[in-house]
Amino acid sequence: MTLPFEFSETIQRSDILRDEQRKELLVHMLKAREFDAAMGRMYRQGRALGGVYSQLGNEATAVGSAYALEANDPLFPMHRDIGAHFVRGCDIDTLMRNHLARVGSQMRGTDGTGHYGDHSKKIYGNVSHLGAMIPVAAGYVLADKMRGTKSVAMNYIGDGGAQVGDFHEAMNLASVQKLPLVLIIENNQYAYSTPTDEQFACDKLSDRAIGYGIEGVTIDGTDVELVFDTCRQAVERARAGHGPTIIEALSMRMRGHAEHDDASYVPKDMLEYWQQRDPVDRYAAWLIDNGILTADEIDGIRKVIKEEMNECIDTVVELPMPDPEEGGKGVFVAS
Amino acid sequence: MAEQTYIQAISDALEIEMKRDDSVYILGEDVAEFGGAFKVTRGLHEKYPGRVINTPISETAILGAAIGSALNGMRPVAEMQFMDFVTNGFNQLANVASTTSYRWGMGVPMVVRGPSGGGTSGGPFHSRNSEAWFAHTPGLKVVCPAFPDDAKGLLATAIRDNNPVMYFEHKALYRSIKGEVPEGEHTVPFGEVRVVREGTDLSIITYGSMVHKSLKAAEKLAENNISVEVVDIRTLVPFDEEGVLRSVRKTNRALVVHEATSHAGFGAEIVARITDKAFDALDAPVKRVAALDAPTPFAKTMEEFVLPQVEDVVQAAEAVVGY
Ligand SMILES: Cc1ncc(C[n+]2csc(CCOP(=O)(O)OP(=O)(O)O)c2C)c(N)n1
Ligand SMILES: [Mg+2]
């Protein structure tokens with residue numbers, strides 16, 4: 001196993017974050033982890049619907065990046081970015097209804113996982129077709145640029161999804177038009193069963209930035225403060241009119257592609273290596289070492305989240321699915 | 001009223017809608033200073049600075065960006081330099097634009113427009129009529145104007161619609177067809193057929209360029225005392241089923257005509273609706289005239305053979321009437 005990157009052992013302390021915010025970051029990461037764990041349990045109990053895509057290992061990347069946005073900046077998350085949804089203020093109930101297609105879900109049961117869109121939170125989820133939302137994100141901020149408003153779009157793509165042609169067309173257009181777009185490449189070492197060396201031949205995916213004439217950087221995606229700082233800089237540059245940035249965040253997909261997949265193709269030592277860099281454990285330990293939270297406080301937070309999660313699940317699973325006739329409705333909005 | 005060519009009417013609609021609504025803008029290849037490959041957008045860049053955007057050759061990015069900006073309050077009109085190239089961005093339409101209302105309840109007020117169709121020795125990659133692909137995708141509206149007044153009015157309606165609209169211009173009509181067009185703002189509602197010639201013996205149901213060939217065929221058939229009604233459906237989605245059935249119930253015979261290839265073409269849908277809903281009214285089986293199931297060839301001789309011609313319509317009409 002070779003890694004294209006030198007990692008720092010310790011968390012790269014951000015100069016911007018206040019301790020209150022650090023606690024928030026931890027809470028969002030813990031929520032992502034517990035939500036995920038709950039969905040995994042439900043899958044194994046046969047109570048989930050469709051595929052369940054664990055985000056385990058992605059907490060720092062999803063949370064640290066979304067935390068760098070302002071409330072008015074649009075977010076275009078992917079399937080493992082549940083942490084980003086929590087940063088945007090989504091509650092567990094809403095997300096659970098979406099994932100389980102219960103009545104009152106944002107998408108009326110028409111679609112699942114994180115695919116929903118919510119104007120009020122400026123969240124525009126993905127379609128399954130990887131890469132398809134990058135040009136959409138570019139167009140979204142093109143509209144703001146034309147009107148003179150200064151929003152920044154953050155879009156996510158995987159190490160596999162980054163090989164779809166849409167990536168190139170969108171990043172090139174965004175570069176030519178100097179659009180305020182920050183693209184996070186979540187390089188979690190696998191795209192389904194395919195390792196990165198069968199996906200691309202360059203050293204770093206951020207090297208592509210050179211080809212577009214924009215900024216690009218590869219960072220440790222397990223360090224939430226480093227992710228935040230890097231994204232914050234990219235967001236500020238974008239807002240100031242300096243165009244897009246590609247940020248490749250390295251981490252590990254700690255479970256299979258989805259819960260049906262035992263990921264037996266992943267070498268054991270690779271998982272062991274990344275287990276040492278678990279984004280939540282690392283951050284929790286660092287917060288304790290730096291006297292920002294105590295171990296007891298963290299346990300307390302975790303307990304509250306777990307309880308809320310379990311209560312919510314118990315309520316949501318009891319809800320019915322939407323009326324069958326809903327399936328034929330809503331193909332068009334009113335002219 | 002003023003006499004305008006088909007292409008002038010399209011340009012006119014763009015200009016009027018841009019003037020009327022600041023959120024309307026144009027994006028595409030060579031559309032700004034140059035005015036587009038066919039000059040549809042000529043002069044708009046100067047009149048509306050910043051609202052006619054040249055893009056790289058990136059149909060996916062053009063269509064995706066149109067969607068994104070439409071989600072964010074704009075009304076983009078995306079030009080495909082030739083409609084054939086929409087295939088490069090097909091996914092954006094087939095999966096993103098078309099499902100957004102259904103999944104998110106959000107409108108995507110965008111228009112995709114461009115030159116389509118054959119008859120100009122454009123060869124396999126500059127002649128395609130791809131409207132059926134889009135008519136087969138729930139969530140997209142599909143418009144195929146035949147006359148300058150409809151070209152103007154339907155484009156204005158498309159731009160004002162809150163859903164994604166595929167607007168197929170026929171390049172062979174651009175400068176060959178002229179007609180009276182209402183001046184100023186003009187809209188034509190979607191989902192209403194236009195009876196362009198009244199008749200009693202046979203209904204020809206058609207759209208786009210074949211409206212004109214069908215009218216010529218009707219002239220010839222009139223010489224043999226066959227009275228043909230020509231119905232231009234104008235919009236494939238929404239489809240004015242009642243308008244079609246009304247004509248068929250009146251003439252008791254139907255011929256469906258389009259320039260696109262026959263197999264699984266939109267004509268099959270029209271025939272199915274007629275046989276399902278007006279079977280009792282029919283005195284003869286419904287026939288279709290369409291392109292042979294082949295790419296559109298380059299050589300003029302071959303192209304004329306592959307694409308439906310006036311004579312093909314005449315012969316098919318005689319067969320239906322003589323049944
Ligand atoms: C265009 C496209 N092709 C294939 C798929 C099926 N698919 C879904 S997820 C996936 C792997 C994605 O890997 P990556 O982009 O690295 O993201 P990860 O799941 O590792 O976070 C594949 C092949 C798809 N969704 N879209
Ligand atoms: Mg991956």
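Of the residues screened, residue A:317 is not one that is surrounded by 11 or more Cβ atoms within 10 Å (Cβ to Cβ) and within 14 Å of another protein chain (Cβ to nearest Cβ).
Output the residue which, of all residues in region A:184-199 that are within 22 Å of residue A:216 (Cα to Cα) and of a type in the set (Ser, Thr, Tyr), is farthest from ligand 2 (Cβ to nearest atom). Result: A:196. None of B:184, B:118 is out of contact with any Asp or Glu (no Cβ under 9 Å at 6 or more places or on another chain), more than 14 Å from chain A (Cβ to nearest Cβ) and modelled with pLDDT of 95 or more except B:184.
Annotation: of all residues in region A:73-97 being within 14 Å of chain B (Cβ to nearest Cβ) and farther than 15 Å from residue A:32 by Cβ, the one that is farthest from the chain's Cα centre (by Cα) is A:73. Can residue B:311 be described as closer than 24 Å to residue B:117 by Cα, acidic (Asp, Glu) and in a helix (DSSP H, G or I)? Taking the combined requirement at face value, the residue satisfies it. When residue A:146 is tested against (1) facing chain B (nearest Cβ under 8 Å); (2) within 15 Å of the chain's Cα centre (by Cα), just one condition goes unmet, and that condition is (2).
Applying a threshold of 8 Å to beta carbon distances and a minimum spacing of six or more residues, or different chains, the list of pairs starting in region A:155-177 at a residue that is more than 9 Å from chain B (Cβ to nearest Cβ) and ending at one that is among the acidic types (Asp, Glu) and within 14 Å of ligand 1 (Cβ to nearest atom) reads A:156/A:81; A:156/A:186; A:157/A:186; A:158/A:186; A:159/A:186.
Scanning region B:132-147 for residues that are touching a strand residue (DSSP E or B) at 6+ places or on another chain (Cβ under 7 Å) and in a loop (DSSP other than H, G, I, E, B) returns B:140, B:144, B:146, B:147.
In region A:137-156, is there at least one residue being in contact with a Lys or Arg (Cβ under 6 Å, 6 or more places away or on another chain), among the aliphatic types (A, V, I, L, M) and either modelled with pLDDT of 95 or more or within 14 Å of ligand 2 (Cβ to nearest atom) (or both)? Outline the logic, then answer.
Keep residues of region A:137-156 that are in contact with a Lys or Arg (Cβ under 6 Å, 6 or more places away or on another chain), which gives A:150, A:152.
Narrowing further to those that are among the aliphatic types (A, V, I, L, M): A:152.
Filter again for either modelled with pLDDT of 95 or more or within 14 Å of ligand 2 (Cβ to nearest atom) (or both), leaving A:152.
Among the residues of region A:137-156, at least one is in contact with a Lys or Arg (Cβ under 6 Å, 6 or more places away or on another chain), among the aliphatic types (A, V, I, L, M) and either modelled with pLDDT of 95 or more or within 14 Å of ligand 2 (Cβ to nearest atom) (or both), which makes the answer yes.
The one condition from (1) near ligand 1 (Cβ under 9 Å from one of its atoms); (2) over 21 Å from residue A:53 (Cβ atoms); (3) β-branched (Val, Ile, Thr) that residue A:217 does not meet is (1). Against the condition surrounded by fewer than 24 Cβ atoms within 10 Å (Cβ to Cβ) and away from ligand 1 (no atom under 16 Å from the Cβ), how does residue A:198 come out, does it pass? For residue A:198, the condition - surrounded by fewer than 24 Cβ atoms within 10 Å (Cβ to Cβ) and away from ligand 1 (no atom under 16 Å from the Cβ) - is not met. Applying the condition of being near ligand 1 (Cβ under 7 Å from one of its atoms) and touching a helix residue (DSSP H, G or I) at 6+ places or on another chain (Cβ under 8 Å) to region A:182-195 and asking which residue is farthest from the other protein chains (Cβ to nearest Cβ) yields A:190. In region B:155-165, the count of residues that are under 11 Å from the mean Cα position of the chain (by Cα), under 24 Å from residue A:332 (Cβ atoms) and more than 13 Å from chain A (Cβ to nearest Cβ) is one or more.
The values are calculated or read from the model by the stated rules, or taken from the named source; none is laboratory data. Remember, predicted model here, so these are calculated numbers, not experimental data. Reconstructed Cβ throughout: ideal geometry from the backbone, glycine too, with neighbour counts over all protein chains shown.
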